[in-house]
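Please see the structure below; I have some questions.
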Amino acid sequence: MADSVSRPQQQGQPDSRTDRPGAIDARPVRHPWRWVAVAVILVLLAMMVSSFLTNERWDLAFMVKVMNYKPVLNGLIMGTILGTLGAMVIGVTLGVILAVMRLSSNPVLTFTAAAYTWFFRSIPRLVLLVMLGTGVGYLYPELTLGVPFGQQIAGALGLGTDLTLTQIDVNAFSSTLWAGVIGLGLSEAAYMAEIARAGILSVDQGQREAAQALGMPAGKTMRRIVLPQAMRVIVPPTGNETLAMVKDTSLLSAVPISAELFYQTQVIGQRTLQIMPTMMAAVCWYLVVCSILMVGQYYLERHFGKGFGSAPGKKDQTVKRLLATTGSH
């Protein structure tokens, strides 16, 4: 009976029943200027679409026709797609090697990697491709591979051979697609080296120390422990570099290479005197290729980002759950 009788409220002590908060009637903050900005953007977008569809000078039918020309498709496959893949394979592979060299304790390796990245990051890619296409062939018409100073040594010793293993016709090679791919790949490796170095440095040093304590070799530690964790940092800028490489393949015409998307559309535009429709044909193909690569980058980032951060929308769901819990009291 004593428990059922309510105790008198002591003087100066707040009543817990009246201090509990009621239901929260929260209203979102109004942002009228956002709707104004949305309206302005929609009006401008409608004006652009209307101008694009009603201006006969765009000649959309001819643009679609140019997109399906065989030389344009050949330039898209050979110069743009294969050129991008080849340059990025060279750039990523050599870039990771340079990053490991840059982080090495060997001063020769560190200096070599630093000098490489300094040189190729300082040279514009257009200038580099022009040099590979014309300058190298002028300086070295034939590139010999063999013992250094082999001819001089063979002449001094009276040998019947000049100690040359093989020769490469540089002029014949410099005008091919592979010369342009190698040039873009060498330039890309300098940027990928810094991206890979930043990713490797983002992995805690304790990971390597733990692997070394287990007796794992340094190379295996880098492949199995460090690089998989560094991919979370490496993938986003690498995706951006890939998209940039798709557009930089238009510089292959400086080698010169005719099997390239922009070069083929430019030739058609000059021959038909319809510059903008042919340029828009190239723009549409660039948009298609880059859009596909962006989707692939999204899934790669989501794959290598597992376990980091919170899932999208999780924070909003937590806030709503807390508000509902508070309102129920």
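Since every read-out is calculated from the coordinates, none of them should be taken as a lab result. No experiment lies behind these values; they were computed from the predicted model shown. Because the Cβ atoms are built from the backbone with ideal geometry, glycine has one as well, and the counts that use them run over all protein chains shown.
What's the ranking of 90-99, 233-242 by average number of surrounding C-beta atoms within 10 Å, highest first? Present the calculation step by step, with values, prior to reporting the outcome.
Numbers: 90-99: 21.3, 233-242: 18.8.
Listed from highest to lowest mean packing, they are 90-99, 233-242.
Next question, about the same structure. What do the square roots of 5 times the Cα gyration tensor eigenvalues come to for the stretch 57-133, in whole Å, largest first, as semi-axes of the equivalent ellipsoid?
Working: eigenvalues 321, 39, 19 Å².
Sorted largest first and rounded, they come to 40, 14, 10 Å.
What does the charge add up to near Thr117, with Lys and Arg as +1, Asp and Glu as -1, over the other residues with Cβ less than 11 Å from its Cβ? If you can, show how the numbers build up before the last one.
On the way: positive: Arg102, Arg121, Arg197; negative: Glu194.
Its environment carries a net charge of +2.
Excluding Met276 itself, what net charge comes from residues whose Cβ is under 10 Å from its Cβ, given Lys and Arg +1 and Asp and Glu -1?
Working: positive: Arg57; negative: Asp59.
Around Met276, the charge tally is 0.
Given the Cα-Cα distance of Glu209 and Tyr69 and 0.36 nm per residue of separation, how much length would full extension add, in nm?
On the way: separation 140, 0.36 × 140 = 50.40 nm, distance 5.77 nm.
Gain on extension, Glu209 to Tyr69, equals 44.6 nm.
Further question on the same structure: When the C-alpha atoms of the stretch 243-299 are aligned to their principal axes, what extent does each axis show, in angstrom, from largest down?
Principal extents (largest minus smallest coordinate, Cα): 42, 25, 13 Å.
Taking a point 7 angstrom from the Cα of Lys220 along the C-beta vector, which residues in the stretch 77-112 have backbone N less than 15 Å away?
none
Once the Cβ-Cβ distance between Ser122 and Gln167 is put in as r, and R0 is 41 Å, what FRET efficiency do you end up with, to the nearest 0.05?
Numbers: r = 31 Å, r/R0 = 0.76.
The computed FRET efficiency comes out at 0.85.
What number comes out for the charge environment of Glu260, summing +1 per Lys or Arg and -1 per Asp or Glu over other residues with Cβ under 15 Å away? The partial results should precede the final answer.
Details: positive: Lys70, Arg125, Lys247; negative: Asp248.
With Lys, Arg at +1 and Asp, Glu at -1, the net is +2.
Here's a follow-up. Can you tell me how much longer the chain between Thr93 and Phe62 gets when fully stretched, taken as 0.36 nm per residue apart minus their C-alpha distance, in nm with one decimal? Mind showing how you got there, number by number?
Details: separation 31, 0.36 × 31 = 11.16 nm, distance 4.12 nm.
So the extension gain works out to 7.0 nm.
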